[in-house]
Amino acid sequence: MQFFVRSGKPENQKTDCAVIPWFDARSQQASFKALDKACGGVIAAAAKQGDLRSKPGQITMLTVPGKGPCRRILVAGSGKKKDYSRKVHRKATAAAAAAIAQTGAKSVISYLPVTSADQGQAIALDTVAAVEQSIYRFDSLKSKSHRQKKPALARFGIGLPDRSLQVTVRTTAQRAQTVAAGIRLAKDLGNMPSNVCTPRYLASVARRIANRSKKASARILGPAEMKRLGMGALLSVTAGANEPARLIVIQYRGAKAGSKPVVLVGKGITFDTGGISLKPGQGMDEMKFDMCGAASVLGTMQAVIDLGISRNVTAIVPTCVNMPDGKATNPGDIVTTMSGQTVEILNTDAEGRLILCDALTYARRFKPDTVIDVATLTGACVVALGPHVTGLMTENDSLAKRLLVAGEQAGDPAWRLPLMTEYGEGLASNFADFANVAGRDGGASIAASFLSRFTKDMRWAHLDIAGTAWKSGKEKGATGRPVGLLVQFLLDS
Ligand code: BES
Ligand code: MN
Ligand code: ZN
């Protein structure tokens, strides 16, 4: 998709489709009067017939007769004029783009309102995100006859009231497209089934990402190196699998050598059966998404590299399959983590924390400024927060604030959940230093508390994306979250 900005009068802009807002009061902008006139009065006629809807997300497509500047006008419900917000704009843009993608229109100019510079940036960001989202398809594994026709839509314009915002909006839209490509990569990886997206596949993607810049390099470790490093927890998760585990490291050097990196750690379970603590069959297919943390870290690295941001960023992705087998880990088995602490594995389905704890210990060798792990870690987080916000757990208030603000700005919000030592009390074990599970209640914070035993003295935050990384039901598919949040965080702080 190509994005562009236009500040000329709507009635003078040639396009396949003009998008205009429709507010619930009768106070339509006068500027569309001229457009309407040039288009044979279709807007006024539709309004008179009562065809136009004003609720955000509602749309009406009008065909323009004769030789108007545009072939179609899409009227996008925009709510009350005084309540127009980013949320409304996102909803209206997404609905408009989805409807246009069903038509033969190749080019669009959207005249949804842009008022200030701040809002212009947000609008540019959201427009790109919403349009890219609504044209995204994952159909490479369908045979040709089962594929939907590709949308004709190729050029999306943001109409501005004057020239003053052109540069801001254009620059932001450009950046947003690079972020959108990272989001797309994260979605594609998430959506791929586990017989395609294996740990070795993720490693090959990581190498490709690192090859995009001289400032980036990838290193891939296998089971032998993991053993040498003493990663007993990570290895215990992969014990039953035929696919070999990988520890992926990408280093991006955007700043001088001495500058401490932000380290991103992504959970990369390419399929989570639960292991010997086997999951029930219902909906188990969705555990192919258990590598969405890894996918978001890889998507973020691609965006970081393509944006050429001026700081050092390191990605660590522990990736393997969690499988039952004669060689698999049994409940009650005790392993020694890379940190030296021993863990009694009471439930082999709490495997995410086991691969993450060794990856977090490994992160220490990079002398990080900040460590952020991203993981589809707990069903409890889904119960607590649902699908709208990512769970954020950290003991560091300033880091929490930065991440929350970044999420808000990127339209990829997080919500803070508690993290305090009390949540770890239930992890006590009679046989090892501690167990990998405690009770059911407060499970997201218990998991975070487990991880915190491996991040002492590090500036660290944990993002539980179990609810936000993918959608279930008819819209089943990866969301690419929290690439938006992470890139925004890296750009801003
Ligand atoms: N990958 C799952 C978490 C998950 C479950 C994410 C459902 C999204 C939807 C994780 O490995 C897991 O199985 N966690 C267990 C932990 C429990 C055994 C303490 C869970 O949440 O049930
Ligand atoms: Mn599990
Ligand atoms: Zn899992």
Review point. When the Cα centres of segment 270-304 and segment 86-104 are compared, how far apart do they sit, in Å?
Key: 30
Review point. Which cross-chain or sequence-distant (5 or more) residues have an amide H under 5 Å from the amide H of LEU74, H modelled 1.01 Å from N in plane?
Key: ALA18, VAL19, ILE20, LEU62
Revision key, fill the gap. Carbon and sulfur atoms account, in whole percent of the 1.4 Å probe accessible area of the chain, for 50
Study note, to complete from the structure: In Å³ per residue, the alpha-carbon convex hull of segment 274-317 encloses 70
Revision key, fill the gap. Order by accessible surface, 1.4 Å probe, largest leading, for residues TYR362, TYR423, TYR84 comes to TYR423, TYR84, TYR362
Point to revise | Exposure of LYS471 as accessible area (Å², to 10), given a probe of 1.4 Å and all protein chains | key: 80
Revision key, fill the gap. accessible surface per residue for the chain, probe 1.4 Å, DNA/RNA/ligands not counted, whole Å² -> 43
Exercise for review: List the pair-distance distribution P(r) of segment 12-106, using every Cα-Cα distance, as the percent of pairs falling in each 5 Å bin from 0 up to the bin containing the longest distance, rounded to whole percents.
Suggested key: 3, 15, 26, 25, 21, 10, 1, 0
Review point. Okay, helix-only estimate at 222 nm for the chain: each DSSP H run of n ≥ 4 adds -39500 (n - 2.57), divide by all residues, round to 500 deg cm²/dmol; what do you get?
Key: -11000 deg cm²/dmol
Check your understanding: Which number comes out as Rg/Rh for segment 1-51 once both Rg and the Kirkwood Rh are worked out on C-alpha atoms?
Key -> 0.99
Exercise for review: Using a 1.4 angstrom probe on the protein heavy atoms only, line up GLU225, GLU286 by accessible area, largest first.
Suggested key: GLU225, GLU286
Revision key, fill the gap. Karplus ³J(HN,Hα) for segment 228-241 (6.51 cos²θ - 1.76 cosθ + 1.60, θ = phi - 60°; Hz, whole; x = Gly/Pro) runs 4, 7, x, 7, x, 6, 4, 5, 5, 6, 8, 4, x, 9
Exercise for review: For every other residue with a beta carbon closer than 10 angstrom to the beta carbon of ASP349, add +1 if it is Lys or Arg and -1 if Asp or Glu, then tell me the sum.
Suggested key: -1
Review point. Past the 27 Å Cα-Cα mark, which pairs from LYS81/LYS150; LYS106/LYS187; LYS150/LYS279; LYS80/LYS471?
Key: LYS81/LYS150; LYS150/LYS279; LYS80/LYS471
Practice item. Starting from the eigenvalues of the Cα gyration tensor, five times each then square-rooted, give me the equivalent ellipsoid semi-axes of the chain, largest first, whole Å. Key: 46, 22, 20
Practice item. Quick one: grab Rg to one decimal and Dmax as a whole number for segment 152-198, Cα atoms only, in Å. Key: 16.3, 52
Practice item. Could I have the simple spin-label model distance between SER31 and ARG147, label points 7 Å from Cα toward Cβ, reported in nm to one decimal? Key: 3.9
Point to revise | Accessible surface of SER296 - all protein chains present, 1.4 Å probe, nearest 10 Å² | key: 0
Exercise for review: Over the Cα atoms of segment 124-248, compute the convex hull volume and normalise it per residue, giving Å³.
Suggested key: 164
Check your understanding: With every protein chain in place, what's the accessible area of MET291 (1.4 Å probe, Å², nearest 10)?
Key -> 0
**Study point:** segment 346-493 - Rg (one decimal) and Dmax (whole number), Cα, Å
**Key:** 15.1, 46
Point to revise | Ratio of Rg to Rh over segment 268-409 (Cα coordinates, Kirkwood Rh, two decimals) | key: 0.98
**Study point:** Volume per residue that the Cα convex hull of segment 51-140 spans, once the total is divided by residue count, Å³
**Key:** 115
Point to revise | Residue (of ALA218, VAL262, THR238) at the positive-pole extreme of segment 215-280, dipole from beta-carbon charges | key: VAL262
Revision key, fill the gap. Using alpha-carbon positions, the gyration tensor of segment 177-270 gives root eigenvalues a ≥ b ≥ c; with a/c under 1.5 called rounded, otherwise prolate if a/b exceeds b/c, else oblate, the class is oblate
Practice item. Show the residues, 5+ positions off or on another chain, whose built amide H is closer than 5 Å to the amide H of VAL263. Key: THR314, ASP369, THR370, VAL371, ILE372
**Study point:** Most to least accessible of SER7, SER145 (protein chains only, probe 1.4 Å)
**Key:** SER145, SER7
Practice item. Quick one: net charge around SER31, please, counting Lys, Arg +1 and Asp, Glu -1 for every other residue with C-beta under 11 Å from its C-beta. Key: 0
Check your understanding: So which aspartates and glutamates can LYS142 reach, going by Cα to Cα under 16 Å and dropping same-chain residues fewer than 8 places off?
Key -> ASP188
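The values are calculated or read from the model by the stated rules, or taken from the named source; none is laboratory data. Here the structure is a predicted model, which is why all the values come from computation and not from measurement. Cβ atoms come from the backbone with ideal geometry, glycine included; neighbour counts cover every protein chain shown. Just so you know, the surface numbers come from the protein's heavy atoms only, side chains and all, with ligands and any DNA or RNA stripped out. Shrake-Rupley method; radii C 1.70, N 1.55, O 1.52, S 1.80 Å.
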